[in-house]
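Before any comments, here is the structure.
The values are calculated or read from the model by the stated rules, or taken from the named source; none is laboratory data. Just so we're clear, the structure is a prediction, and the values are computed from it rather than from any experiment. Here Cβ is always computed from backbone atoms with ideal geometry, including for glycine, and neighbour counts include all displayed protein chains.
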Amino acid sequence: MEAVNITALPKTTLLEFPVFDYGIFGEGEHTMLDLLISLQNGSEIKSIKGLIYRNENNQISVNEARPFLSSEELDKLPYPAFHHYYGHNKKALASRHSYYVMISSRGCPYSCAFCMQVLGRKIRRRKAENICEEIEYAISTYGAHTIDFADEIFLFNDANTQELLELMIKKDLHKKIKWSGLIRANYVNNELITLAKKSGCYRLEWG
């Protein structure tokens, strides 16, 4: 099991849901891989960071937390392998993923009362080129025409955001897709919103 609630309350979650033997708290890419390798090889899992599990005495053990991935590490992650889940039926894949969800950054520096900041307070952002490459992959592989950026905040009023939006325009991605994302009210200004619209934005959610 890997979810926000198990990151917030790892031990409590496994106590309340005895059906789960393992849980992953924090970012799960490397923890999940380490767990699968360990289960295949029959090796020890006590040293796997970010893992919670039921031990041989049916007691719950919580391992050391795993550090968050850096921006450089985020750039190296592979794209979601939807074809392994749905098979190689391109028509079925296209119908399911023409609306494509992606994450260009992780973390948020703010302290909203309704959010437990599962991805931490430090912002880690992928490079603009890397983000555009995934958009192009989504278009060519799944026929994506709408991108939903699921970042806790996608539209920052800074040089990195400007670089990304301008690169999307330069690559003509704004002619192939439309996109939506989240923004905070303190980042809103005419220049940023105008550039966002020009790059293909059709919807923004903010607080």
* Among what's in the stretch 135-146 and is surrounded by fewer than 20 Cβ atoms within 10 Å (Cβ to Cβ) and closer than 14 Å to PRO80 by Cβ, pick the residue that is modelled with the lowest pLDDT. => THR141
* Asked: What residue, of ILE169, ILE183, is hydrophobic (A, V, I, L, M, F, W, C) and touching a Lys or Arg at 6+ places or on another chain (Cβ under 7 Å)?
  -> ILE169
* Answer yes or no: is there a residue in the stretch 104-124 that is at pLDDT 90 or above, closer than 22 Å to TRP179 by Cα and surrounded by fewer than 14 Cβ atoms within 10 Å (Cβ to Cβ). => no
* For the stretch 142-167, what are the residues that are part of a helix (DSSP H, G or I) and within 16 Å of ARG125 (Cα to Cα)? -> ALA159, ASN160, THR161, GLN162, GLU163, LEU164, LEU165, LEU167
* Structure fact -> Per the filter on the stretch 14-59, residues more than 26 Å from LEU74 (Cβ to Cβ), in contact (Cβ under 8 Å) with a residue 12 or more places away in the chain and in contact with a Ser or Thr (Cβ under 9 Å, 6 or more places away or on another chain) are PHE20, LYS46, TYR53, ARG54
* Asked: Under 6 Å by Cβ, and 6 or more places apart or on different chains, what pairs join a residue from the stretch 176-188 that is part of a loop (DSSP other than H, G, I, E, B) with one that is at pLDDT 95 or above?
  -> ILE177/ILE147; ILE177/GLY200
* **Candidates CYS132, CYS108, CYS112 - the one that is touching a residue at least 40 places away in the same chain (Cβ under 8 Å), farther than 29 Å from ASN5 by Cα and not assigned by TED's automatic domain parsing to the domain that holds PRO10** => CYS132
